[in-house]
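**Q** Please find one structure pasted underneath; my questions will follow.
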Amino acid sequence: MIPVTDAVLIGAAGIVAGIVGTAGGITSLVSYPALLVAGVPALAANVANIVALVVCWPGSAVASRPELLGRASWLGRWTLVTAAGGAAGAALLLLTPSAAFGSVVPFLVLTGSLVLLAQPKLSAFRENSERSHTLVLGAGLVAVSAYSGYFGAGSGVMTLALLLLTVDQNVARANALKNMLVGAATVVAAVTLIIVVPVDWAAVVPLAAGLLAGSMIGPKVARHLPPAVLRWCAALLGVGLAVKLWIAPA
(Lines give C-alpha, C1' and ligand atoms only; values in the text may rest on other atoms or scores of the structure.)
Protein backbone atom coordinates (compact mmCIF):
# COMPACT_ATOMS: atom_id res chain seq x y z
CA MET A 1 0.00 0.00 0.00
CA ILE A 2 1.05 3.58 -0.67
CA PRO A 3 0.86 6.05 2.26
CA VAL A 4 -1.98 8.59 2.03
CA THR A 5 0.47 11.48 1.64
CA ASP A 6 2.11 9.76 -1.34
CA ALA A 7 -1.29 9.01 -2.87
CA VAL A 8 -2.20 12.70 -2.59
CA LEU A 9 1.11 13.65 -4.19
CA ILE A 10 0.52 11.21 -7.06
CA GLY A 11 -3.04 12.48 -7.56
CA ALA A 12 -1.94 16.11 -7.63
CA ALA A 13 0.86 15.28 -10.05
CA GLY A 14 -1.72 13.48 -12.19
CA ILE A 15 -3.81 16.65 -12.48
CA VAL A 16 -0.79 18.68 -13.58
CA ALA A 17 0.39 15.91 -15.90
CA GLY A 18 -3.05 15.60 -17.48
CA ILE A 19 -3.19 19.32 -18.16
CA VAL A 20 0.34 19.51 -19.53
CA GLY A 21 0.08 16.37 -21.65
CA THR A 22 -3.28 17.04 -23.27
CA ALA A 23 -2.33 20.68 -23.87
CA GLY A 24 0.69 19.65 -25.97
CA GLY A 25 3.38 18.90 -23.39
CA ILE A 26 4.77 15.65 -22.01
CA THR A 27 2.50 13.91 -19.52
CA SER A 28 5.02 11.36 -18.26
CA LEU A 29 7.60 14.00 -17.38
CA VAL A 30 5.29 14.95 -14.50
CA SER A 31 3.52 11.69 -13.66
CA TYR A 32 6.50 9.32 -13.91
CA PRO A 33 8.83 11.19 -11.50
CA ALA A 34 5.93 11.56 -9.05
CA LEU A 35 5.65 7.77 -8.94
CA LEU A 36 9.41 7.50 -8.36
CA VAL A 37 9.23 10.04 -5.51
CA ALA A 38 6.44 7.94 -3.97
CA GLY A 39 8.85 4.99 -3.89
CA VAL A 40 7.53 2.96 -6.84
CA PRO A 41 10.42 1.15 -8.61
CA ALA A 42 11.30 2.35 -12.13
CA LEU A 43 9.81 -0.48 -14.18
CA ALA A 44 6.70 -0.80 -11.97
CA ALA A 45 6.27 2.98 -12.16
CA ASN A 46 6.39 2.87 -15.95
CA VAL A 47 3.75 0.13 -16.05
CA ALA A 48 1.51 2.03 -13.60
CA ASN A 49 2.00 5.22 -15.58
CA ILE A 50 0.99 3.61 -18.90
CA VAL A 51 -2.09 1.99 -17.34
CA ALA A 52 -3.21 5.23 -15.67
CA LEU A 53 -2.73 7.25 -18.86
CA VAL A 54 -5.67 5.41 -20.43
CA VAL A 55 -8.08 7.83 -18.77
CA CYS A 56 -6.63 10.76 -20.70
CA TRP A 57 -8.28 9.39 -23.85
CA PRO A 58 -11.95 9.93 -22.86
CA GLY A 59 -11.11 13.03 -20.84
CA SER A 60 -9.42 14.84 -23.70
CA ALA A 61 -12.09 13.62 -26.17
CA VAL A 62 -14.80 15.36 -24.17
CA ALA A 63 -12.78 18.57 -23.92
CA SER A 64 -11.75 18.54 -27.61
CA ARG A 65 -15.16 18.06 -29.26
CA PRO A 66 -14.96 21.32 -31.28
CA GLU A 67 -11.54 20.39 -32.73
CA LEU A 68 -12.56 16.78 -33.47
CA LEU A 69 -15.74 17.65 -35.35
CA GLY A 70 -15.78 15.91 -38.74
CA ARG A 71 -12.69 13.81 -38.02
CA ALA A 72 -14.36 10.50 -37.11
CA SER A 73 -13.44 8.62 -40.30
CA TRP A 74 -9.85 9.92 -40.26
CA LEU A 75 -9.43 8.89 -36.63
CA GLY A 76 -11.00 5.49 -37.25
CA ARG A 77 -8.32 4.75 -39.83
CA TRP A 78 -5.25 6.05 -38.01
CA THR A 79 -6.11 4.88 -34.50
CA LEU A 80 -5.77 1.31 -35.80
CA VAL A 81 -2.20 2.15 -36.86
CA THR A 82 -1.26 3.65 -33.50
CA ALA A 83 -2.94 0.79 -31.64
CA ALA A 84 -0.74 -1.70 -33.50
CA GLY A 85 2.33 0.35 -32.66
CA GLY A 86 1.34 0.54 -29.00
CA ALA A 87 1.05 -3.25 -28.84
CA ALA A 88 4.53 -3.60 -30.34
CA GLY A 89 5.95 -1.18 -27.79
CA ALA A 90 4.35 -3.01 -24.88
CA ALA A 91 5.81 -6.28 -26.15
CA LEU A 92 9.25 -4.66 -26.31
CA LEU A 93 8.85 -3.45 -22.73
CA LEU A 94 8.01 -6.96 -21.55
CA LEU A 95 11.08 -8.37 -23.32
CA THR A 96 13.48 -5.73 -21.94
CA PRO A 97 15.35 -6.65 -18.72
CA SER A 98 14.74 -4.28 -15.80
CA ALA A 99 18.40 -3.26 -15.65
CA ALA A 100 18.46 -2.41 -19.34
CA PHE A 101 15.26 -0.42 -18.96
CA GLY A 102 16.70 1.65 -16.11
CA SER A 103 19.79 2.50 -18.14
CA VAL A 104 17.87 3.64 -21.23
CA VAL A 105 15.21 5.76 -19.49
CA PRO A 106 17.35 8.93 -19.15
CA PHE A 107 18.04 8.96 -22.87
CA LEU A 108 14.37 8.43 -23.72
CA VAL A 109 13.37 11.34 -21.50
CA LEU A 110 16.10 13.56 -22.94
CA THR A 111 15.04 12.67 -26.49
CA GLY A 112 11.46 13.62 -25.72
CA SER A 113 12.56 16.95 -24.29
CA LEU A 114 14.74 17.81 -27.28
CA VAL A 115 11.96 16.93 -29.70
CA LEU A 116 9.67 19.22 -27.72
CA LEU A 117 12.08 22.11 -28.12
CA ALA A 118 12.49 21.40 -31.85
CA GLN A 119 8.74 21.31 -32.51
CA PRO A 120 8.41 24.98 -33.64
CA LYS A 121 11.14 24.51 -36.25
CA LEU A 122 9.46 21.33 -37.46
CA SER A 123 6.20 23.22 -37.83
CA ALA A 124 7.93 26.06 -39.67
CA PHE A 125 9.50 23.52 -42.01
CA ARG A 126 6.08 22.27 -43.01
CA GLU A 127 5.04 25.77 -44.06
CA ASN A 128 7.74 25.69 -46.73
CA SER A 129 7.24 22.11 -47.84
CA GLU A 130 4.66 20.12 -49.77
CA ARG A 131 2.14 17.96 -47.94
CA SER A 132 3.85 14.78 -46.79
CA HIS A 133 2.70 11.49 -48.27
CA THR A 134 0.41 9.17 -46.34
CA LEU A 135 3.29 6.72 -46.10
CA VAL A 136 5.33 9.21 -44.07
CA LEU A 137 2.46 9.76 -41.65
CA GLY A 138 1.86 6.03 -41.30
CA ALA A 139 5.50 5.12 -40.74
CA GLY A 140 5.92 7.96 -38.26
CA LEU A 141 2.83 6.98 -36.29
CA VAL A 142 3.90 3.33 -36.06
CA ALA A 143 7.35 4.31 -34.76
CA VAL A 144 6.12 6.89 -32.26
CA SER A 145 3.24 4.73 -30.98
CA ALA A 146 5.65 1.82 -30.46
CA TYR A 147 7.79 4.15 -28.37
CA SER A 148 4.62 5.26 -26.57
CA GLY A 149 3.82 1.66 -25.62
CA TYR A 150 7.39 1.16 -24.40
CA PHE A 151 7.88 4.29 -22.30
CA GLY A 152 5.96 7.21 -23.74
CA ALA A 153 7.60 10.36 -22.36
CA GLY A 154 7.65 12.70 -25.34
CA SER A 155 5.54 10.48 -27.60
CA GLY A 156 2.70 12.99 -27.54
CA VAL A 157 4.99 15.80 -28.57
CA MET A 158 6.52 13.68 -31.33
CA THR A 159 3.03 12.82 -32.58
CA LEU A 160 2.01 16.47 -32.44
CA ALA A 161 5.05 17.51 -34.45
CA LEU A 162 4.31 14.78 -37.02
CA LEU A 163 0.69 15.90 -37.36
CA LEU A 164 1.70 19.56 -37.71
CA LEU A 165 3.99 18.51 -40.54
CA THR A 166 1.59 16.21 -42.36
CA VAL A 167 -2.02 16.90 -41.39
CA ASP A 168 -2.95 20.26 -39.86
CA GLN A 169 -0.95 23.37 -38.99
CA ASN A 170 -3.49 24.54 -36.42
CA VAL A 171 -1.94 23.61 -33.05
CA ALA A 172 -5.25 23.16 -31.19
CA ARG A 173 -6.70 20.86 -33.87
CA ALA A 174 -3.47 18.89 -34.29
CA ASN A 175 -3.23 18.58 -30.51
CA ALA A 176 -6.77 17.15 -30.30
CA LEU A 177 -5.95 14.57 -32.98
CA LYS A 178 -2.72 13.75 -31.17
CA ASN A 179 -4.57 13.07 -27.93
CA MET A 180 -6.85 10.58 -29.69
CA LEU A 181 -4.02 8.77 -31.50
CA VAL A 182 -1.76 8.53 -28.45
CA GLY A 183 -4.77 7.39 -26.43
CA ALA A 184 -5.36 4.45 -28.77
CA ALA A 185 -1.74 3.33 -28.48
CA THR A 186 -1.88 3.69 -24.70
CA VAL A 187 -5.05 1.63 -24.33
CA VAL A 188 -3.62 -1.32 -26.26
CA ALA A 189 -0.30 -1.14 -24.39
CA ALA A 190 -2.09 -0.91 -21.03
CA VAL A 191 -4.34 -3.90 -21.72
CA THR A 192 -1.31 -5.94 -22.76
CA LEU A 193 0.57 -5.04 -19.59
CA ILE A 194 -2.44 -5.71 -17.32
CA ILE A 195 -2.77 -9.21 -18.75
CA VAL A 196 0.91 -10.11 -18.56
CA VAL A 197 2.53 -8.34 -15.60
CA PRO A 198 1.57 -7.28 -12.05
CA VAL A 199 0.21 -3.73 -11.83
CA ASP A 200 0.58 -1.51 -8.77
CA TRP A 201 -3.08 -0.48 -8.57
CA ALA A 202 -2.47 1.52 -5.38
CA ALA A 203 -0.38 3.87 -7.55
CA VAL A 204 -2.61 3.65 -10.64
CA VAL A 205 -5.86 4.72 -8.97
CA PRO A 206 -4.81 8.14 -7.59
CA LEU A 207 -2.75 8.89 -10.70
CA ALA A 208 -5.64 7.99 -13.01
CA ALA A 209 -8.05 10.16 -10.99
CA GLY A 210 -5.73 13.14 -11.33
CA LEU A 211 -5.04 12.49 -15.01
CA LEU A 212 -8.76 12.31 -15.81
CA ALA A 213 -9.38 15.68 -14.19
CA GLY A 214 -6.36 17.25 -15.86
CA SER A 215 -7.14 15.81 -19.30
CA MET A 216 -10.48 17.60 -19.31
CA ILE A 217 -8.69 20.90 -18.74
CA GLY A 218 -5.63 20.55 -20.99
CA PRO A 219 -7.32 20.92 -24.41
CA LYS A 220 -9.01 24.10 -23.20
CA VAL A 221 -5.64 25.44 -22.06
CA ALA A 222 -4.21 24.67 -25.51
CA ARG A 223 -6.78 27.02 -27.02
CA HIS A 224 -5.66 30.01 -24.95
CA LEU A 225 -2.07 29.73 -23.66
CA PRO A 226 1.00 30.46 -25.82
CA PRO A 227 2.44 27.04 -26.77
CA ALA A 228 5.95 28.23 -25.85
CA VAL A 229 5.04 28.44 -22.15
CA LEU A 230 4.12 24.77 -21.73
CA ARG A 231 6.78 23.68 -24.22
CA TRP A 232 9.69 25.26 -22.34
CA CYS A 233 8.42 24.27 -18.88
CA ALA A 234 7.97 20.63 -19.88
CA ALA A 235 11.29 20.53 -21.75
CA LEU A 236 13.29 21.96 -18.85
CA LEU A 237 11.61 19.51 -16.48
CA GLY A 238 12.46 16.69 -18.85
CA VAL A 239 16.13 17.64 -19.12
CA GLY A 240 16.36 17.87 -15.34
CA LEU A 241 14.72 14.47 -14.92
CA ALA A 242 17.02 12.92 -17.54
CA VAL A 243 20.11 14.23 -15.73
CA LYS A 244 18.81 13.03 -12.38
CA LEU A 245 18.08 9.52 -13.69
CA TRP A 246 21.44 9.36 -15.44
CA ILE A 247 23.36 10.31 -12.28
CA ALA A 248 21.22 8.26 -9.90
CA PRO A 249 19.12 5.66 -11.75
CA ALA A 250 15.84 4.76 -10.05
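**Q** Taking L75 and the conditions (1) modelled with pLDDT of 85 or more; (2) in a helix (DSSP H, G or I); (3) closer than 27 Å to I2 by Cα, which numbered condition does it fall short on, given that it satisfies the others?
**A** All conditions pass for L75, except number (3).
**Q** For the list (1) farther than 30 Å from H224 by Cβ; (2) modelled with pLDDT of 90 or more, I need the number of the one condition that W57 fails.
**A** (1)
**Q** Select, from T186, T192, the only residue that is of a type in the set (S, T, N, Q), surrounded by 24 or more Cβ atoms within 10 Å (Cβ to Cβ) and out of contact with any Lys or Arg (no Cβ under 7 Å at 6 or more places or on another chain). Steps first, please.
**A** On the way: T192 fails: surrounded by 24 or more Cβ atoms within 10 Å (Cβ to Cβ).
Result: T186 is the single residue among T186, T192 that is of a type in the set (S, T, N, Q), surrounded by 24 or more Cβ atoms within 10 Å (Cβ to Cβ) and out of contact with any Lys or Arg (no Cβ under 7 Å at 6 or more places or on another chain).
**Q** Got a sec? Which of G39, G24 is at pLDDT below 90 and not in a helix (DSSP H, G or I)?
**A** On the way: G39 fails: at pLDDT below 90.
The conditions single out G24.
**Q** Report whether or not L137 is at pLDDT below 85 and assigned to a helix (DSSP H, G or I).
**A** No: the conditions fail for L137.
**Q** Something else about it: Given the residues V81, V144, which is the only one that is at pLDDT 90 or above, touching a helix residue (DSSP H, G or I) at 6+ places or on another chain (Cβ under 8 Å), part of a helix (DSSP H, G or I) and of a type outside the set (S, T, N, Q)?
**A** None of the others qualify; the one that does is V81.
The values are calculated or read from the model by the stated rules, or taken from the named source; none is laboratory data. What you see is a predicted model, and the numbers here were worked out from it, not measured in a lab. Note that each Cβ is placed from the backbone with ideal geometry, even for glycine, and that neighbours are counted across all protein chains shown.
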